[in-house]
Amino acid sequence: METEPPGNCFTAGPVTDRHASDMKDVMSTANNVFLRRRAALGRAVAALIGIGLLVPPLACDRSSSPAGAGVTGATTTAAAPRSSEPCPLLADDFEGERLAAFWLAPDYGDGLYVPGAVKTSARFARRGKQSIEVTVREGDIEQAGDAGTRVERADLDSGHFPLMGCEAWYAFSVLVPPEFPVVDTRLVFGTCKQTDVGRPIMAQRYQNGRHTLTVESHGRKKTFPLPPIRPGQWMDVVYHLRYMADDSGIVEVWIDGKQEVAYTGPTAEADHRNAFYHKVGLYRDRMKQPMTIYFDDYRMGPTRESLASRSGGDPDGATR
Ligand SMILES: [Ca+2]
């Protein structure tokens, strides 16, 4: 059994005073950004309500989800707290010199990477002229894995949000370059996780040429096959999650516009923190060869439609 090491923001390893101060600043900045966005969203919502175009509540309202129609007979096994916070709208097209402000700092949260491991690149672009290039080398952010293994990573964490009871949509494009080593070593490049739960809720994996997605919750694990990865070609990925501790949770995944995963069941642990995050990058068992992967067009939002709002494209890539 594999276990993701406790590299998250609430259980990060040894913390020095300086590091603690840095972390505080990062959290303060992240919180300020989130609060500003929330305030702006609140003003926009108030304006829409004022002119009769929107009826509150805005988010965490399962009745508004088209996916909710397919869930029947759900029984509540735990009274998980519901968040009243809307899922944030985040987007990064990686066209600037720096990452968007919402990404957590490289020494904070679960998005850990060594200096230089994450940088914009003009080698490939799904949209625009740049993407983000992520490289992991042997020993980078090495931590203890399970069963005596060592793991290493270069991950980007888009932030921890109180999404219990909420819908969250994520979209990104990913490209595995032609020289990418195809090896029988555990590799995860997209993850959704509850902050203080050891196992990821959902993990997109590439190992020994097999492209799969695992969903794990309440001690059960399901593996879904995904279409083969074509080196050198972009792949558009969309996740839809409903974070629930009962059977009404959802994980849906689209690859290049085609739905590949439809899971219903628990997706959260009620007795853990109401904090959920998504990350992209390279997380693997320790090995010698470096790996480099590319991501572009990252988006997160409360609805499928919200993913398309920035780029004007269909979030599932069907029209690209
Ligand atoms: Ca781009």
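The values are calculated or read from the model by the stated rules, or taken from the named source; none is laboratory data. The shown structure was predicted, so the numbers you read here are calculated from the model rather than taken from an experiment. Every residue, glycine as well, gets a Cβ built from its backbone with ideal geometry; the counts of neighbours run over all protein chains shown.
Before moving on, here are some points about what is shown:
- The residues in segment 231-244 that are part of a strand (DSSP E or B) and touching a helix residue (DSSP H, G or I) at 6+ places or on another chain (Cβ under 9 Å) can be counted, and the count is 3.
- Qualifying residue in segment 166-177 (condition: among the β-branched types (Val, Ile, Thr), surrounded by fewer than 23 Cβ atoms within 10 Å (Cβ to Cβ) and away from the ligand (no atom under 16 Å from the Cβ)): yes
- Flag for Ala262 being assigned to a strand (DSSP E or B), of a type in the set (Gly, Ala, Ser) and surrounded by fewer than 20 Cβ atoms within 10 Å (Cβ to Cβ): yes
- Identity of the residue in segment 103-133, of a type in the set (Gly, Ala, Ser), crowded, with 22+ Cβ neighbours inside 10 Å and closer than 21 Å to Val151 by Cβ, that ends up farthest from the ligand (Cβ to nearest atom): Gly109
- Yes/no for Asp196 being of a type in the set (Asp, Glu) and within 16 Å of Arg284 (Cα to Cα): no
- Residue within segment 122-141 that is on the phi < 0 side of the Ramachandran plot and free of Cβ contacts under 8 Å to residues at least 24 places away in the same chain present: yes
- Of the strands (runs of 3 or more DSSP E) lying entirely inside segment 78-188, those carrying at least 3 residues that are under 15 Å from the mean Cα position of the chain (by Cα) are 90-92, 150-157, 167-175.
- Residue match in segment 217-233 (condition: small (Gly, Ala, Ser) and surrounded by fewer than 16 Cβ atoms within 10 Å (Cβ to Cβ)): yes
- Residue match in segment 245-262 (condition: touching a helix residue (DSSP H, G or I) at 6+ places or on another chain (Cβ under 7 Å), closer than 24 Å to Thr292 by Cβ and touching a residue at least 40 places away in the same chain (Cβ under 8 Å)): no
- Looking across Phe224, Phe189, one residue alone is modelled with pLDDT of 95 or more, over 16 Å from Glu252 (Cβ atoms) and in contact with a strand residue (DSSP E or B) (Cβ under 7 Å, 6 or more places away or on another chain). It is Phe189.
- Verdict on Asp157 being away from the ligand (no atom under 16 Å from the Cβ), touching a Lys or Arg at 6+ places or on another chain (Cβ under 7 Å) and modelled with pLDDT of 95 or more: yes
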